[in-house]
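The values are calculated or read from the model by the stated rules, or taken from the named source; none is laboratory data. None of these values were measured; they are calculated from a predicted model. When we count neighbours, we look across all protein chains shown, and the Cβ atoms used for this are built from the backbone with ideal geometry, even at glycine. Remember, those area values only see protein heavy atoms, side chains included, never the ligands or the DNA or RNA. Shrake-Rupley method; radii C 1.70, N 1.55, O 1.52, S 1.80 Å.
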Amino acid sequence: MASVAHVFRREFAGYFITPVAYVFIVIFLALAAALTFYVGAFFERGRADLLSFFQWHPWIYLFFMPAISMRLWAEERKTGTIELFLTLPVSTAAAVVGKFLAAWVFAGLALALTFPIWLTVNYLGEPDNGVVVASYIGSFLMAGAYLAIGSCLSALTRNQVIAFVLTVTVCFLFNVMGAGAVQPVLGDAVPAELLETLSSFSLLSHFNNIVKGVIDLRDLAYYALTIGVWLAAAAITVDLKKAD
Amino acid sequence: MLALVAAQGLTKRFDAHVAVDRVDLEVGAGEVLGFLGPNGAGKSTTMKMIAGFLTPSEGRASICGHDVTEDPIPARRNLGYLPEGAPLYGDMTAGAFLAFVAAMRGLSGRRGRAAIGLAVERTDLAEVLAQPIDTLSKGFKRRVGLAQALLHDPPVLILDEPTDGLDPNQKHEMRALIREIRPSKAIVISTHILEEVDAVCTRAAIIADGRLLADAAPGDLASWSPLHNAVSLTLGARFADAAAASLAGLDRVETVQRGPAGPDAARLTALSRDGGPILADVGLLIQAHGWEVEDLRTETGALDDVFRRMTQPDGEAPGHG
């Protein structure tokens, strides 16, 4: 659809009109590197893999992705431009997808700029590059899921700060559902089947599967479905709330 | 005449509040419908529904025969819309913004550049194309909004308060532009400046409390004023009492109003009983009595007078609903 491309282009260029995008990317890269080398003990582990890099992504994204997605709809509603935008000949679905793709490609750009760490590990040892590629794909999909959630929640409010906080909260819940620390806490109170179901909905557990180097169709389907469902919810939310 | 804009029983409810109540409208090519009403009367809500931004609670609206809710994309292709307050993407330059709208309208390459060129020329924007919209004055912003609406030369234009915030020169230019593009288009504008209706509209619709109260040519609306065909005369103060009594005695005169006109003069206004012309009768009276009349004129009736009577029944202050 041509209109998706036009929406995408405007939105993507919009990130770079102010220096905020560059600042964002630099901080993202610095934080990712700091966590990998200092907290993740990249050197001390003495292993030629990038697990100490990728294991932080779900938690870095928890704050960085909502920052990308918060403005998508909240800003349009606040400034009233949504009325201009959605009376152009564009379907709500195309508008939602175009904006989402812009955010996703921007996140992908930030992720792609972490490539020096890949070069580093190849210089130092002989990592399994198949696992690294799988991990990058997993990380990108995870970013997409966060941004889809963020799109929907951004459409819910005119206030970007509220959109940010809501998105962090929801993404956090989707993350910890599968985190090892939470399972024992809930373990006694919740039946095992429910626990397993919850865990299967978790963004984290699917990410952890992919980072091991196994790209399972089920994990891919999970992310595709998560992104699809949240974008559909975003389209419905936009239609319901656009005129409020 | 084919109606390019049509609304039937258009209704919008927000919870218990009825913002727009069963509005019927038809606007054909060459017509400019002026939407008049106090603030909060439902003008903008009606326009948002016709533009397909708000979904009506009941009723339907169509643009060039395409229902705006069931067939939204073809309806929007035929529509140029300037929303209330002319919201724009402030961080884009005016040129980039128009290029974006042109692309969304399917105008690319040479056609896109030609369309932008024409819209920029019509709205006189060339000097600010490279500036971010946020840095433009209110008048320029409004013109960018209008350029955006005109870009694809749509058969239907819906402009919500297009002259709001413009200075008198800019208002004049905006009206000249609307008159220029009028012949081939159906245009709906909302305003609360009544002189604007006389200046550009072929029809005026008065809306209050969500209901359409009148829909007629501005001149016809004005004739509903009690002042229509009234005769005002200014004459020496010493004649005033006698003249007032004689005028009130005329068969076709309803009442005579008296106002001050100067130190030695009085101004009398004789209201026509049936709205018909009474100047001849008054003229005979003047000759018969030999009053020294300084000024004599027939009133046409003022639109704002009619507007005020219709929108604040029983002389109540507006804004209670």
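Overview of values
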{"read-out": "Convex hull of Cα atoms in segment B:12-80, direction-averaged projection (nm²)", "value": "5.0"}
{"read-out": "Length-normalised contact order of segment B:180-250 in % [C-alpha pairs under 8 Å, at least 6 apart]", "value": "16"}
{"read-out": "Phi-based couplings in Hz for segment A:220-229 (Karplus 6.51, -1.76, 1.60; Gly and Pro marked x)", "value": "4, 4, 4, 5, 4, 5, 4, 4, x, 5"}
{"read-out": "Candidates B:GLY65, B:GLY145, B:GLY210: whichever shows maximal mean-square fluctuation once chain B is modelled as a Gaussian network with Cα springs under 10 Å", "value": "B:GLY65"}
{"read-out": "Cβ neighbours within 10 Å from other chains - mean over A:87-100", "value": "4"}
{"read-out": "Antiparallel DSSP beta bridges within segment B:3-222, as percent of all bridges there, nearest 5", "value": "55"}
{"read-out": "Segment B:217-262 shape via C-alpha gyration tensor axes, a/c threshold 1.5", "value": "oblate"}
{"read-out": "Residues whose placed amide H lies under 5 Å from that of B:GLU299, excluding near-sequence neighbours", "value": "B:ASN229, B:ALA230, B:VAL231, B:SER232"}
{"read-out": "Helical mean residue ellipticity (222 nm; -39500 (n - 2.57) per DSSP H run of 4+; nearest 500) of the protein assembly as shown", "value": "-16000 deg cm²/dmol"}
{"read-out": "Space enclosed by the convex hull of the alpha-carbon atoms of chain B, per residue, Å³", "value": "169"}
{"read-out": "Fraction of beta bridges assigned by DSSP in the protein assembly as shown that are antiparallel (%, nearest 5)", "value": "70"}
{"read-out": "Computed E for A:VAL105/B:ALA242 - FRET, C-beta separation, R0 60 angstrom, nearest 0.05", "value": "0.10"}
{"read-out": "With Cα atoms, 0 to 90° folded angle of helix A:92-112 axis to chain A main axis", "value": "30"}
{"read-out": "Taking all pairs of distinct alpha-carbon atoms in segment B:231-300, Kirkwood radius in angstrom", "value": "11.8"}
{"read-out": "³J(HN,Hα) computed for each position of segment B:4-19 - Karplus, 6.51 cos²θ - 1.76 cosθ + 1.60, integer Hz, glycine/proline x", "value": "7, 10, 9, 9, 10, x, 5, 9, 9, 10, 10, 6, 8, 7, 8, 7"}
{"read-out": "Phi to ³J(HN,Hα) by Karplus 6.51 cos²θ - 1.76 cosθ + 1.60 over segment B:128-140, Hz, x for Gly, Pro", "value": "10, 4, 8, 8, x, 4, 4, 8, 7, 6, 4, x, 5"}
{"read-out": "Nearby aspartates and glutamates by direct alpha-carbon distance to A:LYS212 (threshold 15 angstrom, same-chain neighbours under 8 apart not counted)", "value": "A:ASP49, A:ASP128"}
{"read-out": "Folded to 0 to 90 degrees: helix B:237-249 orientation relative to chain B principal axis, Cα", "value": "80"}
{"read-out": "Interchain or long-range residues, amide H under 5 Å from B:ALA214's placed H", "value": "B:ILE206"}
{"read-out": "18 Å Cα-Cα reach of A:LYS78 towards aspartates and glutamates, excluding residues that sit fewer than 8 places from it in its own chain", "value": "A:GLU11, A:ASP239, A:ASP244, B:GLU84, B:ASP91, B:ASP134"}
{"read-out": "Debye equation applied to the C-alpha atoms of segment A:2-241, log10 I(q)/I(0) at 0.07, 0.10 Å⁻¹", "value": "-0.25, -0.50"}
{"read-out": "Choice from A:SER135, A:SER154, A:SER52 showing the highest fluctuation, given a GNM over chain A with Cα pairs closer than 10 Å", "value": "A:SER52"}
{"read-out": "Heavy atoms of B:ARG13 accessible to a 1.4 Å probe, total area in Å² rounded to 10", "value": "100"}
{"read-out": "Nearest-20 debye value, chain A charge dipole, Cβ charges on Lys, Arg, Asp, Glu", "value": "660"}
{"read-out": "Chain A: angle of helix A:20-34 to the longest principal axis, Cα-based, in degrees nearest 10", "value": "20"}
{"read-out": "Percentage relative contact order, segment A:24-83, counting C-alpha pairs under 8 Å, at least six apart", "value": "29"}
{"read-out": "Among B:ALA19, B:ALA214, B:ALA103 - extreme Cα towards positive end, dipole of chain B, charges at beta-carbon", "value": "B:ALA103"}
{"read-out": "Segment A:20-42 and segment B:7-44: distance between their alpha carbon centers, rounded to Å", "value": "55"}
{"read-out": "Ranked by how many other beta carbons lie within 10 Å on average, peptides B:169-178, B:149-158, A:95-104 from highest", "value": "A:95-104, B:149-158, B:169-178"}
{"read-out": "Global form of segment B:7-152, assessed from the alpha-carbon gyration tensor, a/c cut-off 1.5", "value": "prolate"}
{"read-out": "Rounded if a/c under 1.5, otherwise prolate or oblate - segment B:68-172, Cα gyration tensor axes", "value": "oblate"}
{"read-out": "Normalised contact order of segment B:1-61, rounded percent, pairs of Cα under 8 Å and 6 or more residues apart", "value": "42"}
{"read-out": "Residues with amide H under 5 Å from that of B:ARG273, placed H, sequence gap 5 or more", "value": "B:VAL253, B:GLU254"}
{"read-out": "Over 27 Å (Cα to Cα) - which of B:LYS43/B:LYS185; A:LYS99/B:LYS141; B:LYS12/B:LYS171; B:LYS12/B:LYS141 fall in this group", "value": "B:LYS12/B:LYS171; B:LYS12/B:LYS141"}
{"read-out": "Interface B:A - total buried accessible surface [probe 1.4 Å, Å², rounded to 100]", "value": "2200"}
{"read-out": "Accessible-area composition of chain A, carbon plus sulfur, in percent [1.4 Å probe]", "value": "72"}
{"read-out": "Histogram of C-alpha separations across the protein assembly as shown, 20 Å bin width, %", "value": "18, 37, 26, 13, 5, 1, 0"}
